[in-house]
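The values are calculated or read from the model by the stated rules, or taken from the named source; none is laboratory data. Keep in mind that what you see is a predicted model, and the values were worked out from it rather than measured. FYI the Cβ positions are ideal-geometry reconstructions off the backbone, even for glycines, and counts take in every protein chain you see. Calculation scope for accessible area: heavy atoms of the full protein, side chains included, ligands and nucleic acids excluded. Shrake-Rupley method; radii C 1.70, N 1.55, O 1.52, S 1.80 Å.
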Amino acid sequence: MLEARLTQASLLKKVVDAIKDLVQDCNFDCNDSGIALQAMDNSHVALVSMLLRSDAFEPFRCDRNIALGINLSSLTKVLRAAQSDDVLTIKAEDAPDVVNLVFESAATDRISEYDIKLMDIDQEHLGIPETEYAATIKMPAAEFQRICRDLSALSESVSIECAKDGVAFKCTGDIGSGSVQLRSHTDVEKSENNVEIDLTEPVSLTFSLKYLVNFCKASGMSDQVKLCLSNEVPLLVEYGLQSNSYLRFYLAPKIGDEE
Amino acid sequence: MARTRSKPAPKGKPSKEAPIEPVTSTAKRLPPAVTNAPKLFVLPKDTSKDTRVVTLPNSATGTPSRYLFCAEKGFYEFTRIGAAKKACKSWLITSSLSEGEKEKGNGQDKEEEAKKDAEGEMELGSGFLAKNPDLFIATPVDTLFLLLPALSPKSAKDAKAKQHFLSLDDHLDNLSSTSPHWISLLAQFPQLRTRIEKRLAVICDTVDAGDEIMYRLSHTKLVAVLVKKAERMSANGLPASLEDKFIKTALEVPIMNVKREESALSETTCTVVEDAAAATTTTPSTNGESQISVSVSSMDSQPSVTTATTTTSVSATVTEELSTPALTTPPSIPPLLRLRTSLTYLSSAYIPGTLHPILTPLLLDLPIFAPLATHLAALTSLKTEALSLRSISDNITRKRNFEDDDEKVAEREEKKRKKEEDEKKRKLESRAVKQLKKVDTSGMKKLSSFFTKAPAKKA
């Protein structure tokens, strides 16, 4: 029996909105520590990993480990019926055929209830080791989104070069080239505007901009985004959520045939 | 593809408690069907008293079949004439005595009587309703066909070995071994023996051995007999259905592409018509151009316009003329094909299988069929040409033709199902997912090469 109550339906709405364009179907693995999700895109070069800890819900109850195989576009359709500040309750039996979603509007005493048919999804589950990254950059999520969007107009891929003095996003395309330089920056009044660069050694990697733009759809989830890079290792883009929950994206770097 | 987990909607189980009510009907019970229902036969007239039905091996297949034997007239075979399975038909048979027409005791009249019955003239109580709408007709069959199983080699292996000359008695022994009925027939009717001897002489080489004549099947003689029979069969034309299936379609000349006429041709005709217009003349000879003359005379005052109209119509006429078939069927061909069709029918219906490999080449290589063979060869080459000229659009229909195989059909269904499923899946994909598919991922390793695979269930 699973029963998880989110005070803000918007959290799930945003999570699903952020990943539905990357993966179509995925398993929501529910256990007593929370709800986790791991899925790869069709070409298996990007991975999304989400964890909503049980603290994020009130209350959270999960007796057995359950995998809820859900088609994300179906879930989107149902979540569209929820208002951002509705209270959302996720319910499922121990061997479920359907997952039950209840939206309660405190203001109007309106209760709507939806069932989504579940699917058996055969997905590889990858073990992701805790890695010490050579470079960790924290910056405003909106800033990262803007950089990606601007550079994607020029080129397919961006090279992220981290050095002591800052980080540079550079790209070269048919119409020309562009680069954005960021330095460490502390905004005393608004801490969300901080740019922090933590570097142990210089790193320079190239990534597909289309994928990064896709990751940036999660920008609304959190004010800050964390980019972690190491040579020859996938880039980690992490959006921190409330109560230690997170939404992480991994993207394989472009290695070899660099122009 | 992942399926939704929902179980199919629970089906309402048939409740066991429901009492099974016997169906009661107010209608009067019909008597149970008779297992050995009477059959209707049409038998020859004026047969001798000893006429009987005998079981003899079928000349073509060797399976025991029923024949009607009359000592004077010889053998008759039965042909079953049935209605189509779906057609709900049956016979109403009443005895002719009850009607008071005692002289009409023959089986042939049963049908008529049935009709009269329907008119309600008589009591139906003594009638019988036969469920089976079959009618058996006895038609005379040449005795020599019945002899063939005894004369022909027993198996394909024996066919290569030379057949020996045997006396009539030996042949009759052979014959008797095929069916016990032959023995009784031969014993009872001495005239049958002379009949057999006569027919044997027609198809066998003979050798005099003292006072006895020895017989051996002669293929050339048999072929000659068959051809004669086939000629008689096809003399008055074949039945319409056979004609349709084997003659007309086989001789159909494919219609080749219509070629446009050369411009020079149209120009010349043009000038001719122009002259005609100037002189305001009468109808040109050909039928197709008669229309032109009308337009010419009506637009007399404007010769320039007239020529313009005529040009088009003249060219149309010429095109029509060119569209006549590339190959015409000479009048001698259809009768030949009919003859050959009859021969094929005869040999498949009456000749034992072991003789086929010997007789078929003999029959088809008869010199009279030479023009037919060349004509058919020309036709096939034309047909293949026409087939290759066909447009791509009717490829589909041709494709269907040779996929009769159940396996292939199943394979195709499977493919179709998969395709549909894929299609469905693709429709569910969001636009962004589709866009991501197009992203150039060259140089990007799969994530599974960075991260180790973990057991699917991670606590």
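Couple of notes before you dig in:
- Top-ranked residue in segment A:115-137 [being open to solvent by 80 Å² or more (accessible area, probe 1.4 Å) and out of contact with any Ser or Thr (no Cβ under 6 Å at 6 or more places or on another chain); ranked as farthest from A:ASN231 (Cα to Cα)]: A:ASP115
- Where a residue in segment A:109-133 is more than 12 Å from every other protein chain (Cβ to nearest Cβ) and its partner, wherever it lies, is surrounded by 14 or more Cβ atoms within 10 Å (Cβ to Cβ) and in a loop (DSSP other than H, G, I, E, B), with Cβ under 8 Å and at least six apart: A:SER112/A:ALA82; A:GLU132/A:SER230; A:TYR133/A:SER230; A:TYR133/A:VAL233
- Being modelled with pLDDT of 90 or more and either more than 23 Å from A:ALA56 (Cα to Cα) or within 14 Å of chain B (Cβ to nearest Cβ) (or both) is a condition met by at least one residue of segment A:100-107.
- Unique residue being loosely packed, with under 14 Cβ neighbours inside 10 Å, closer than 30 Å to A:LYS77 by Cα, more than 8 Å from chain A (Cβ to nearest Cβ) and modelled with pLDDT under 75 when the list is B:LYS427, B:LYS458: B:LYS427
- Where strands (runs of 3 or more DSSP E) fall wholly inside segment A:165-227, the ranges with 3 or more residues that are open to solvent by less than 10 Å² (accessible area, probe 1.4 Å) are A:166-172, A:203-208.
- Checking segment A:154-164 against the condition returns no match, with no residue being buried (at least 17 other Cβ atoms within 10 Å of the Cβ), more than 28 Å from B:SER449 (Cα to Cα) and either of a type in the set (Ser, Thr, Tyr) or touching a residue at least 40 places away in the same chain (Cβ under 8 Å) (or both).
- Residue check: A:ASP86 meets all listed conditions (1) free of Cβ contacts under 8 Å to residues at least 40 places away in the same chain; (2) open to solvent by less than 20 Å² (accessible area, probe 1.4 Å); (3) acidic (Asp, Glu) but one, namely (1).
- Residue among A:LEU47, A:LEU68, A:LEU75, A:LEU52 that alone is part of a strand (DSSP E or B) and touching a helix residue (DSSP H, G or I) at 6+ places or on another chain (Cβ under 6 Å): A:LEU47
- Top-ranked residue of segment A:218-234 - restricted to ones that are within 21 Å of B:VAL439 (Cα to Cα) and within 11 Å of another protein chain (Cβ to nearest Cβ), ranked as modelled with the highest pLDDT: A:PRO234
- Top-ranked residue in segment A:1-30 [being among the acidic types (Asp, Glu) and more than 21 Å from A:ASP55 (Cβ to Cβ); ranked as least open to solvent (accessible area, probe 1.4 Å)]: A:ASP21
- Qualifying residue in segment A:5-27 (condition: of a type in the set (D, E, K, R) and farther than 21 Å from A:ALA82 by Cβ): no
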